[in-house]
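The values are calculated or read from the model by the stated rules, or taken from the named source; none is laboratory data. Given the structure is predicted, the values throughout are model-derived calculations rather than measurements. Cβ: placed from backbone, ideal geometry, glycine included. Neighbour counts: every protein chain shown.
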Amino acid sequence: MTDDALPPSKSAVSATPGSPCLSIRHHLLPGDVGSITNLHSLLYSDQDWDYTFDCYVAMPLAEFVLRSSPRERIWIVEQGGRIRGCAAIVEVSKTQAQLRWLLLHPGLRGRGLGRRLVEEALAFCRDSQYGSVILWTVEGLPESAALYRSAGFVETERVTHELWGRNVTEIRFEIKL
């Protein structure tokens, strides 16, 4: 399948030979909020966070969906009809956006797909005339931090506090556009 064969809000991504084709879409379908929340819970289960992490993902994601703002966008990665990753840009203010919910199933990592999502998100932010983009991540995800740094993000803050049933160090990154 080529990009030309897909609707404007969807693009094909090359997959490993023999595996189902990957696609990225920007529109939401019934069940997506639950699927994205569940994917976060499953992939971060090794962090030993409690059930409040689900709420941390689901509540702002639901608010994002209900706003349906042209200054915000989601990228949903699908493979074989299942959500396998995502990323979103959320408006913080007229001049600042936030990169949220960036996540890829481990089987899709290491192929440049995370980089593509970040680059497309930053291009969207430039087109939307944001002056900067922030994101929050947690300590202990070195591959994620390396991706953000390689894209031009700079660490601006660290906060350690009780979150999701344990002490967590959150790290804030920012990039000026």
Against the definition (among the aliphatic types (A, V, I, L, M) and free of Cβ contacts under 8 Å to residues at least 12 places away in the same chain), how does ALA123 come out, yes or no? yes
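From the list VAL57, VAL77, VAL65, which residue is over 17 Å from LEU117 (Cα atoms) and crowded, with 16+ Cβ neighbours inside 10 Å?
One residue alone meets the criteria, VAL57.
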Leading residue by the ranking (nearest to ASP46 (Cα to Cα)) among those in region 155-177 that are of a type in the set (A, V, I, L, M, F, W, C) and within 18 Å of the chain's Cα centre (by Cα): ILE171
Inspect region 99-121 for any residue being modelled with pLDDT of 95 or more, more than 27 Å from GLY31 (Cα to Cα) and surrounded by 13 or more Cβ atoms within 10 Å (Cβ to Cβ) and give the result as yes or no. no
Are any of the residues in region 154-176 outside any strand (DSSP E or B) and either of a type in the set (Lys, Arg) or modelled with pLDDT of 95 or more (or both)? no
Checking the conditions here, which among LEU108, LEU113, LEU135 is free of Cβ contacts under 8 Å to residues at least 60 places away in the same chain, touching a strand residue (DSSP E or B) at 6+ places or on another chain (Cβ under 7 Å) and not β-branched (Val, Ile, Thr)? LEU135
Residue by residue through region 1-43, note down the ones that are modelled with pLDDT of 55 or more, surrounded by 13 or more Cβ atoms within 10 Å (Cβ to Cβ), of a type in the set (A, V, I, L, M) and in a loop (DSSP other than H, G, I, E, B). LEU28
